[in-house]
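Notes for the one structure printed next.
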Amino acid sequence: GAAVYVVGECDERVAARADGVIADPYPGVGPIGGVLAAIEFAQREVVVLAGDLPGIDAAAVRVLLDAAAENPDAIAVVGRSGDRVHPTIGVFRVACVEVLRAAMASGRRSLGRAVPEGCRVEVEIPACAAVNVNRAEDLPLDPGADA
């Protein structure tokens, strides 16, 4: 069955919501190391969602999963909103392992550039599903709160 894991150290409240925490064997490398760690741990394809996506929903994940099923030869399926690719919203297959390792070994740490365009599929997801929150002030306001 499906399980939810986080990669690397995180707030204990976040860790408590997951089925487990995967120790990060590539600290400081960024998302490329996290995706690689997840695939190495799972030994199967993984759905990757960055931890700072308050707008992600089941419909966006379903779009990724459907596209992955329709494109069995793609080593990755990632979200796109207009002309912006979201590599931390995607499905990554075991075949990505060597590509990601090679990118890291050569000093390329960009997850978006690690998987060549010819090997990945990009699928349209709503921009609101891909909004990331890097600071508290980036959080959407609670619609029930008084302004």
**Request:** Take the residues in region 94-122 that are in contact with a strand residue (DSSP E or B) (Cβ under 7 Å, 6 or more places away or on another chain) and of a type in the set (D, E, K, R), then tell me which one is surrounded by the fewest Cβ atoms within 10 Å (Cβ to Cβ).
**Result:** GLU122
**Item:** Given (1) buried (at least 17 other Cβ atoms within 10 Å of the Cβ); (2) of a type outside the set (Phe, Trp, Tyr); (3) farther than 18 Å from VAL21 by Cα, index of the condition ARG62 fails
**Value:** (1)
**Item:** Residue that is farthest from LEU100 (Cα to Cα), among those in region 20-58 that are touching a residue at least 60 places away in the same chain (Cβ under 8 Å) and among the small types (Gly, Ala, Ser)
**Value:** GLY55
**Prompt:** Does region 29-45 include one or more residues that are open to solvent by 30 Å² or more (accessible area, probe 1.4 Å) and under 14 Å from LEU111 (Cα atoms)?
**Reply:** yes
**Request:** Kindly indicate whether any position in region 68-77 is at pLDDT 95 or above, in contact with a strand residue (DSSP E or B) (Cβ under 9 Å, 6 or more places away or on another chain) and under 21 Å from ASN132 (Cβ atoms).
**Result:** yes
**Asked** Which members of region 105-129 meet the condition of being part of a helix (DSSP H, G or I) and touching a helix residue (DSSP H, G or I) at 6+ places or on another chain (Cβ under 6 Å)?
**Response** LEU111, ALA114, ALA129
**Fill in**
Exception for GLY79 within (1) loosely packed, with under 13 Cβ neighbours inside 10 Å; (2) touching a Leu at 6+ places or on another chain (Cβ under 9 Å) falls at (1)
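The values are calculated or read from the model by the stated rules, or taken from the named source; none is laboratory data. In this text the structure is predicted, and so the values were computed from the model without any measurement. Positions of Cβ are backbone-derived with ideal geometry, glycine not excepted, and every protein chain shown enters the neighbour counts. Each accessible area value is taken on the protein alone, full model and side chains, heavy atoms only, with ligands, DNA and RNA left out. Shrake-Rupley method; radii C 1.70, N 1.55, O 1.52, S 1.80 Å.
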